[in-house]
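Structure first, then comments.
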Amino acid sequence: MRSIITIGGSSSTNSINKKLAEYVGSLINNVELIKLDLNNFKMPLFSVDEETENGFPNKAIELNSIFDKADGFVISLAEHNGAYSSAFKNTFDWLSRIEGKVWRNKPMLLLATSPGARGGQTVLEIALARFPFHGAKIVGNLSFPSFHDNFKEDEVKNSELKLAIQKLIIEFENNL
């Protein structure tokens, strides 16, 4: 059975991005979901000096190994001040030092959400431009606006968003 990693790009214990990534991942047929929580992979703040002095953190090596074994990714990014959350960025920085093609040219659904009407569009645009340089095979993307209005009782309530997600799932499954 194929395995898909879900990641909410936030360290919030109640991350709406984690909820969205896991929800979308649960809709993919015939896969095992590996639900990753950035809080389980805490690492020192990346710097070349830290790497030179101490090498790669064990949690980065562990996460890199998990990425090697996966068949695809569902990532939903939190937007902090118009960019990645510091927890996601730090993890991404460490992983890119171990393996430049962080995403291994495996299929990815790239999402972002926020409580606001723009739904993390700015961070999504940043990732759409950056991730392909790191081996992302982005087969679909979605900015999911007004999370708390459109996602209730653990499901998407907005019919247009639900349809958009269904289309993404079909495209993703066709690329697995």
I'd like the Karplus ³J(HN,Hα) series for region 91-98: coefficients 6.51, -1.76, 1.60, θ = phi - 60°, whole numbers in Hz, and an x wherever there's a Gly or Pro.
4, 4, 4, 5, 4, 5, 7, 7
Taking Cα atoms, how many degrees apart are the long axis of helix 121-130 and the longest axis of the chain, rounded to 10 and kept between 0 and 90?
50
Along the charge dipole of the chain, which of Leu95, Asn141, Ile75 sits closest to the positive end, that is, farthest toward it, with unit charges on the beta carbon of Lys, Arg, Asp and Glu (+1, +1, -1, -1)?
Asn141
Mind checking the dipole of region 2-175: about its Cα centre, +1 per Lys or Arg Cβ, -1 per Asp or Glu Cβ, Debye to the nearest 20?
280
Highest-first arrangement of 147-156, 110-119, 47-56, where packing means the average Cβ count within 10 Å:
110-119, 147-156, 47-56
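Would you compute, from DSSP H runs of 4+ residues alone, the mean residue ellipticity of the chain at 222 nm, taking -39500 (n - 2.57) per run and dividing by the full residue count, rounded to the nearest 500?
Numbers: 7 runs with 74 residues, N = 176.
Value at 222 nm, helices only: -12500 deg cm²/dmol.
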Need one word for region 1-96: rounded, prolate or oblate. Basis is the Cα gyration tensor (sqrt eigenvalues a ≥ b ≥ c); a/c below 1.5 gives rounded, then a/b vs b/c decides.
oblate
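Please compare each pair in Lys59/Lys101; Lys89/Lys157; Lys42/Lys162; Lys35/Lys137; Lys89/Lys162 to a cut-off of 25 Å on the Cα-Cα distance and tell me which ones are over it. Kindly include the intermediate steps, with their values, before the conclusion.
Values: Lys59/Lys101 18 Å; Lys89/Lys157 31 Å; Lys42/Lys162 33 Å; Lys35/Lys137 20 Å; Lys89/Lys162 29 Å.
Lys89/Lys157; Lys42/Lys162; Lys89/Lys162, as the Cα separations exceed 25 Å there.
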One finds the C-alpha centres of region 30-46 and region 120-140 to be spaced, in Å, by 19
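State the antiparallel share, in %, of DSSP beta bridges confined to the chain, rounding to the nearest 5.
Taking every DSSP beta bridge within the chain, about 10 percent pair in antiparallel fashion.
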Residues whose built amide H sits under 5 Å from the amide H of Lys137, excluding neighbours closer than 5 in sequence, are Asn105, Lys106, Met108
Kindly state, as a whole number, the per residue volume in cubic angstrom of the convex hull around the alpha carbon atoms of region 123-165.
85
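Under 12 Å from the Cβ of Asn30, count the other residues' Cβ atoms, weight Lys and Arg +1, Asp and Glu -1, and hand me the total. It would help to have the intermediate numbers written out before the result.
Details: positive: Arg2; negative: Glu32, Asp71, Glu173.
It works out to a net charge of -2.
All of the numbers you see were taken from the coordinates with simple rules; none came from a lab. Here the structure is a predicted model, which means the values were calculated and not measured. Neighbour counts run over all protein chains shown; Cβ positions are idealised from the backbone, glycine included.
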